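Worksheet for the structure shown next.
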Amino acid sequence: MIPHFETIAYPGWAEACAQAGFTLIDPRGTPADVIGAIARADLVLTESLHGAILADVYGVPWIAFGCSRNLSTSKWVDWLATLSLDFSTTLVPPPNAAQLLRFGKRAEPFGTTLTFTLDEAMREYAGRMNQIEKTGYGPPGGPRAWVKSVVAAVPPLQRLLGYSPARTAEALTALAARPTSLSQEARRDSLRDRMMEKLYALDRSMR
């Protein structure tokens, strides 16, 4: 299971994965460690776009999920269009509510599976950029930062809000039973060959 690199900065993910029986892959690890772990997996649950890309490259089935508004739908749709795949992601409750105070909670309930067309992804991207320009993700100080720090530091408040590693573990277990995504092997081979041709051409032009 691979959270986004900004998501894993919040506590609870190791506990959630342990309770669900999944291996946590920290995207902040070394390239060799991260890529090796993905290549050896039977299934990858990933909030990270690069986790999905690497899983697909190695022919490992993957399932996308999101936890907050920190979801770059336009990037996912752009990549998947090259593979003739649609983008769908399932909302999973994080083990710690602090990240929702940081990035915002989506309006759809957890457990919802969202599917985006290119037009829908670009509209969401425009709205997201407009929100960041107006307010950012929240000021570094002030009442909101104080509330976030308190919620993150006090476990009873986490439970009161309904967020816990156990809840996340249950959602991840349900996620793993959903249909997986994986591009056609012939499509991957074709794209790999085109990439290598471009790299060889670039190498020749620089000699």
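The values are calculated or read from the model by the stated rules, or taken from the named source; none is laboratory data. Treat the numbers as computed from the prediction; the structure is a model and nothing was measured. Every residue, glycine among them, receives a Cβ derived from its backbone with ideal geometry; neighbour counts consider all protein chains shown. Ligands, DNA and RNA are excluded from the accessible area calculation, which covers all protein heavy atoms including side chains. Shrake-Rupley method; radii C 1.70, N 1.55, O 1.52, S 1.80 Å.
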Exercise for the section: Using Cα pairs closer than 8 Å and at least 6 residues apart in sequence, work out the relative contact order for the chain, in percent. Expected result: 24 percent
Practice task
Would you mind calculating the gained length between GLU6 and LEU43 on full extension (0.36 nm times residue separation, minus the Cα-Cα distance), in nm to one decimal?
Solution key: 11.1 nm
Fill in the blank from the handout: For the chain, longest principal axis from Cα atoms; helix 73-82 axis from its Cα atoms; angle between them, nearest 10 degrees, is 20 degrees
Handout entry: Rounded percent of accessible protein surface that carbon and sulfur make up, the chain, 1.4 Å probe
Key = 58 percent
Fill in the blank from the handout: Non-local residues with an amide H under 5 Å from the amide H of GLY66, with H modelled 1.01 Å from N and Pro and chain starts lacking one, are THR90, LEU91, VAL92
Exercise for the section: Would you tell me the accessible area of VAL60, worked out with a 1.4 angstrom probe on the heavy atoms of the protein chains, in Å² to the nearest 10? Expected result: 10 Å²
Handout entry: Per residue accessible area in Å² of the chain, where ligands, DNA and RNA are left out and the probe is 1.4 Å
Key = 56 Å²
Problem - Net charge of Cβ neighbours under 10 Å - reference PHE87; Lys, Arg +1; Asp, Glu -1 - result: -2
Exercise for the section: May I ask for the net charge around LYS198, where only other residues with Cβ less than 14 Å from the Cβ of LYS198 are counted and Lys, Arg are +1 while Asp, Glu are -1? Expected result: 0
Handout entry: Cut-off 11 Å between beta-carbons: net charge of the residues surrounding TYR125, Lys and Arg +1, Asp and Glu -1
Key = -1
Problem - Separation in nanometres of the label points that stand 7 Å from Cα toward Cβ, at GLU197 and ALA174 - result: 4.6 nm
Handout entry: Length added when fully stretched, TYR125-ALA186, from 0.36 nm per residue minus Cα-Cα
Key = 18.8 nm
